Amino acid sequence: MLVLWDLDHTLLETGGVDREIWFALCAQLLGLPVAPAEVVPGSTAPQLLRAILVQRGATPDEADRLLPDALRLELEFLTARRDELRRRGRAMPGALAAIAVLAGRPDVLQSVLTGNQRPGAEAKLGAYALLGSLDLDIGAYGSDDSHRPALVEVARKRAEAAQPLPISAEQIVLIGDSLLDIDAAHRNGARVVAVATGEITAEQLRAAGADAVLDDLTDTGAFLAAVLGR
C-alpha cells in the first residue's frame, strides 16, 4: 500500500507564515503594498501564486511571466523565516502518532502528495519534526506538476521504481483536508481518507465522496482502520 500525505492543515499548520510569504512576495513582484488574497485549499504552489498575482492586478500573461520568480522567492522567504515557522506553527494533533503507526507496518510505503515545492515541503516538515518516517523521494510535489491529480501518478511511478512490486491505483490512499485531495484521488482510482482539520467541514468532505472522514488524527486506531479500509 502507498499512503500519500497532504501537508498543510493535514500534517501541519504554519500559523499563517506561508500565507504571509505568498502575499508579500506577490506584492513585491508587482510593486504594490502587501494585501491578502483568496487561496483555494489544496492548490499547488504554481496555481496559488499565479492566482494571487492575478487577484492583485496582473494580467494572465504577466502572471505567467512572473511565476518562476514567485516560486523562487517563496523558497527564499521560507528559508529566511524558518525560525518563525517553527515558533508559530505546529504539527497537527495526532500527526506524529499517525505517521508512526503506519511506519510500523511492512506492507505500507509512506510519503507525501503536496502542492508545496519539494524544498518548501522539507522545510515545513523539518520545522515540526515530521520528516523521520516519510520517504520524500517517492513523493510528489507542486514543483513536479501544477495539476494536483497528475501528482498521484508521479508518486506511484516513483514508489514502483524504489521497490520491486507493482502498485495499482487500488493500493494508493491519499490523506488530506481539502476537496482537491478528494478530487485527485477519484481521478486516479485511489482511495482517500479526509480529515476535517482545514477549512472544509466533515459534512462537505463526506458529500464530496471521501472514502472515510475523520475529525482529526488523534484517534490512532480509527485512523489506521480508515487507511486500511476496515
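Structure above, values below:
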{"read-out": "Residue-count net charge about residue 88 - beta-carbon cut-off 13 Å; Lys, Arg +1, Asp, Glu -1", "value": "+2"}
{"read-out": "Listed peptides 72-78, 17-23 by packing density, highest first (mean Cβ within 10 Å)", "value": "17-23, 72-78"}
{"read-out": "Projected label distance in nm at residue 79 and residue 103, using a 7 Å step from Cα toward the beta-carbon", "value": "2.7"}
{"read-out": "Mean shadow area of segment 114-230 over all directions, Cα convex hull, nm²", "value": "7.5"}
{"read-out": "Contact order relative to length of segment 5-147, as percent, for alpha carbon pairs under 8 angstrom and 6 or more apart", "value": "33"}
{"read-out": "Largest-first principal axis extents of the Cα set of the chain (Å)", "value": "53, 35, 34"}
{"read-out": "Packing-based ranking, highest mean first, of 160-169, 43-52 given that Cβ atoms within 10 Å are counted", "value": "43-52, 160-169"}
{"read-out": "Linear extension gain, residue 61 paired with residue 207, 0.36 nm per residue minus alpha-carbon span", "value": "49.0 nm"}
{"read-out": "Fraction of antiparallel bridges per DSSP, the chain only, in percent to nearest 5", "value": "10"}
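Bear in mind these aren't lab numbers, they're just calculated from the coordinates by the rules spelled out. This one's a predicted model, so the numbers in the text were calculated from it and none came from an experiment. Counting neighbours? That spans all protein chains shown, and the Cβs are built from the backbone with ideal geometry, glycine included.
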